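Engineer: Just dropping this structure here.
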Amino acid sequence: MLARNVLWYVTFAGFAINYMHRIHINIVLVGMVKTIRGSNTSAMAVSECMRENHYQNLLNSNSTTKRHVNEDGFEWDEQEQNQVLGSFYWLHWLTQIPGGMLARRFGTKKIFGLANFSGSLLTFAFPYIAYFDFRLLIFVRVLQGFIMGAVWPSMHHLTAHWIPPDERSKFVSSYLGSSFGVALTYPLCGYLMDMYGWTSAFHVTGAIATVWFICWWILVYDSPAQHPWITETERKYIESSLDHSQNNRKMSVPWKDILTSRPLWMVGFSQIGGIWGFYTLMTQAPTYFKNILGMNIRTTGVLSGLPHLSRWLMSLSSAFVADYLLRNNKMSRTNVRKLATSVCTIFQGVLILGLAFTGCNSLLAVILVVAATGANGTVSSGPLACIVDLSPNFASICLGIVGLMANLPGFLSPLVVGYLTYQNQTALQWQKVFFVTSGILFFFGTLYMIYGEANVQPWNNKLTEQPRASELDQLEKLNSKESEKNSKEMTVIKNNNN
């Protein structure tokens, strides 16, 4: 098997692990929090939908006149629950740019692997911390988000050194292992919670991350030249496909050019919109399915994971289409990236706007959630691939900057949802949530359609590095000797002439 194919699979699993540990608490929280019979916060909404819902028996194994009641959980209200959901992102942004810089210095193998694994290890402590103190749970979630913030930007450094330009969309689809992780985590956690209690979900996901890290450390290397098992043919193919002429010297980061690059800002804006829609559906789907549509925990797990399986499949299919269009010169690189970005922002916004009008129609709601989350899968062929297009040399730094911008929805979206649904879990309030989400998607998606591009930027090859002092001294000495030599030669010539 080709070394870069092995790299795809291990990277895919790594991103699955990353999202497994950032989102497992989204569904586990449903089992952790106490549900009281006759409460005004959710029972009213559920009874409203259960009276009107004609498809409930198809989607819920419970009777339409009976819902699961948890009387032994934590007494956390909607705002406290959304603090738990959003706290992962409070300091997640701080390690976005450093993650890319550290990957350039120490390599993706170390930064991606250790950040992913060490953040996952904290999962083992969640059950004990939750019983000890709610505030400590928030603190550990913040710490986990801070550590794992380095994961995504570090990967682009590896992509730039391993993957030929016409294969980037396909390889970047491995980043959407994140969606497979969600698709696996929700039903897995739902099953574990139903059979063994909510604490088991944290223990099992922590064990899975440990197995992945062992595989990552054995199989992954930072460049084809360092890989001990790669064939000579594959190594030469990769190296000949990449332009390494500008990488022969260590290049200083052209911060001013990067931070004032309009194409990069457009990528960042498109990610703000796309990630807002994606995070809202990913984070809130378990709560929406349970509190509004009245589904039990196992059904909630399955239906919360299904949209992300759709996203992963969309990522793969769009990657093949994008690479085909580029390889055969059917469309320009910029237009390919715009096409993919329009799907993961504007088209996703259309589907979420439709979700706002589903009310208590569970079947239609599930279809639209699956479709809207799936539409976001083209992000791998759009914004994510575009970052490497703009600057292969500084891709990890650029992804860190874009990740910094895209981190905003991570903690803002739960705050908005918490504000709109606080002690008011009704279909009408969730309609407002979906209106806000679709509006953000339309705005930022349109902005990218107008101003986005995917051409290599001039500053990608800009040598900002100045000669070192020792080099200047040597140059001065050489010039001095040369001048001295020329002076002696001129003296000899003059004497001969005389």
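The values are calculated or read from the model by the stated rules, or taken from the named source; none is laboratory data. Fair warning: this is a prediction, and the values are worked out from it, not measured in the lab. Cβ atoms come from the backbone with ideal geometry, glycine included; neighbour counts cover every protein chain shown. The area values use the complete protein model at the heavy-atom level, side chains included, leaving out ligands, DNA and RNA. Shrake-Rupley method; radii C 1.70, N 1.55, O 1.52, S 1.80 Å.
Engineer: Testing I214 on (1) open to solvent by 20 Å² or more (accessible area, probe 1.4 Å); (2) touching a Lys or Arg at 6+ places or on another chain (Cβ under 8 Å); (3) part of a helix (DSSP H, G or I); (4) of a type outside the set (S, T, N, Q), one condition comes back false. Which one is that?
Structural biologist: (2)
Engineer: Same structure again: Please enumerate the residues belonging to segment 319-339 that are more than 17 Å from the chain's Cα centre (by Cα) and over 15 Å from E453 (Cβ atoms).
Structural biologist: Residues satisfying the conditions are F320, V321, A322, D323, Y324, L325, R327, N328, N329, K330.
Matching residues to (1) under 23 Å from Y422 (Cα atoms); (2) open to solvent by 10 Å² or more (accessible area, probe 1.4 Å); (3) part of a helix (DSSP H, G or I):
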{"residue": "P286", "(1), (2), (3)": "yes, no, yes"}
{"residue": "N291", "(1), (2), (3)": "yes, yes, yes"}
{"residue": "S310", "(1), (2), (3)": "no, yes, yes"}
{"residue": "S315", "(1), (2), (3)": "no, no, yes"}
{"residue": "T341", "(1), (2), (3)": "no, no, yes"}
{"residue": "L351", "(1), (2), (3)": "no, yes, yes"}
{"residue": "F357", "(1), (2), (3)": "yes, yes, no"}
{"residue": "L363", "(1), (2), (3)": "no, yes, yes"}
{"residue": "V369", "(1), (2), (3)": "yes, no, yes"}
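Engineer: Could you pull out the residue among I275, I208 that is over 24 Å from L2 (Cα atoms) and crowded, with 23+ Cβ neighbours inside 10 Å? Steps first, answer last, please.
Structural biologist: Numbers: I208 fails: crowded, with 23+ Cβ neighbours inside 10 Å.
Only one candidate passes the filter, namely I275.
Engineer: Can you spot a residue in segment 120-132 that is at pLDDT 80 or above, more than 22 Å from P153 (Cα to Cα), aromatic (F, W, Y) and open to solvent by less than 40 Å² (accessible area, probe 1.4 Å)?
Structural biologist: yes
Engineer: Restricted to segment 340-383, and to residues that are among the hydroxyl-bearing types (S, T, Y) and modelled with pLDDT of 95 or more, which residue is farthest from the chain's Cα centre (by Cα)?
Structural biologist: If we take residues in segment 340-383 being among the hydroxyl-bearing types (S, T, Y) and modelled with pLDDT of 95 or more, then S342 is farthest from the chain's Cα centre (by Cα).
Engineer: OK, next. Answer with yes or no whether Q284 is polar (S, T, N, Q), over 23 Å from D166 (Cβ atoms) and modelled with pLDDT of 90 or more.
Structural biologist: Numbers: polar (S, T, N, Q): yes; over 23 Å from D166 (Cβ atoms): yes; modelled with pLDDT of 90 or more: no.
Taking the combined requirement at face value, the residue does not satisfy it.
Engineer: Condition first: open to solvent by 60 Å² or more (accessible area, probe 1.4 Å) and farther than 12 Å from L29 by Cβ. Now tell me which residues in segment 76-102 satisfy that.
Structural biologist: Q79, W90, L91, W93, L94, M101, L102
Engineer: Of everything in segment 402-439 that's more than 30 Å from L94 (Cβ to Cβ), of a type in the set (A, V, I, L, M, F, W, C) and surrounded by fewer than 18 Cβ atoms within 10 Å (Cβ to Cβ), which residue is farthest from the chain's Cα centre (by Cα)?
Structural biologist: The qualifying residue farthest from the chain's Cα centre (by Cα) is L428.
Engineer: State all residues of segment 440-458 that are open to solvent by 20 Å² or more (accessible area, probe 1.4 Å) and part of a helix (DSSP H, G or I); if no residue qualifies, say none.
Structural biologist: If the condition is that a residue be open to solvent by 20 Å² or more (accessible area, probe 1.4 Å) and part of a helix (DSSP H, G or I), then I440, F442, F443, F444, T446, L447, M449, I450, Y451, P458 are the ones that fit.
Engineer: Which pairs turn up if I take residues in segment 76-87 that are closer than 23 Å to M20 by Cβ and look for partners that are open to solvent by 20 Å² or more (accessible area, probe 1.4 Å) and not β-branched (V, I, T) with beta carbon separation below 6 Å, at least 6 apart in sequence or on another chain?
Structural biologist: Hits for this filter: G86/F411.
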